[in-house]
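Bear in mind these aren't lab numbers, they're just calculated from the coordinates by the rules spelled out. Just so it is clear, the structure is predicted and the values come from calculations on it, not from any experiment. Cβ placement follows ideal geometry from the backbone for every residue including glycine, while neighbour counts extend to all protein chains displayed.
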């Protein structure tokens, strides 16, 4: 039987070699070498240490653990209410089970997305992350109460943004080039006819006579009193901008558009006017909060940029 001295050593060969080298090292280097040996020993202990046992029970307040990531019971209950429209206690066990299963599936997909580095590479994920960070940054600001004094100050400083919707009843006459007596009518001739028609309308000429004599037709782009946003859609930007400056009974100068020359007759105009604070308080409140959120986002970006190291390629600038 082999003696104890013949058995293989259980010590690691690397550590034995290190000890021999240490014994041969001059005294001035013994202390650093000893420190290195201690570090290796600690690392070896870490390598052979058993991993912590898996969690066998769910801590209080948790609905599930997915690869160590928690799903809080409060989130589970809130998700149940959001999905079903009923409280957690009012839905069946089968419905609760489906909600929890969906939440676990979602967590698995999120974890897989992190492994695949989706936050770095996928535009949709990056957009959601940006929105989430901005929301988190703005939460403390938006949680602060807002007084009527603050809202009224905002309303006064931005009064032009809070006006009643204007409306107009306008007739849009159009003279198609070549449509009056002469199929070879030129643009210049049509402009002359349109200017004469506008002049006669201002002088009190009958609308039907003008239309029949000069060959104008009603474009039917508008019909009766319309809110400004509808009139702008129907008339187009050029004609609407002109009409919005007109008063009741006014006749415009001819305006050239691709389909011919237009003459507008303003039958009735309700101009936009400042709205009372009480009538637009909800909109003022929303605008005020949006402005505070935007300011918080800008301040956060300024802080991040201050601490970041940003390099831009030659020839480019931001």
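Note on segment 62-116: Kirkwood radius taken over Cα pairs, Stokes-Einstein applied at 20 °C and 1.002 mPa s, translational D equal to 185 µm² s⁻¹. Extension gain for the segment residue 126 to residue 114, taken as residue separation times 0.36 nm less the Cα-Cα distance, is 3.1 nm to one decimal.
The packing ranking of peptides 304-313, 85-94, highest mean first, is 85-94, 304-313, where packing means the average number of other beta carbon atoms within 10 angstrom of each residue. Here the mean projected area of the convex hull built on the C-alpha positions of segment 167-270 is 5.8 nm².
Short-range pairs are left out: with C-alpha atoms under 8 Å and at least six residues apart, the relative contact order of segment 167-270 is 45 percent.
In this calculation the C-beta distance from residue 300 to residue 146 is compared with R0 = 25 Å, giving a FRET efficiency of 0.75. For residue 283 and residue 104, the FRET efficiency from 1/(1 + (r/R0)^6), where r spans their Cβ atoms and R0 equals 41 Å, is about 0.45. Could you please state, rounded to a whole Å, how far the C-alpha centre of segment 74-150 is from the C-alpha centre of segment 201-228? Cα centres, segment 74-150 to segment 201-228: 58 Å. For the pair residue 66 and residue 241, the difference between a 0.36 nm per residue extended length and the Cα-Cα distance amounts to 57.0 nm. Specify whether the C-alpha gyration tensor of segment 52-168 places it in the rounded, prolate or oblate class, a ≥ b ≥ c being the square roots of the eigenvalues: rounded for a/c under 1.5, otherwise prolate if a/b is larger than b/c and oblate if not. It is prolate, given that a/c is not under 1.5 and a/b is the larger ratio.
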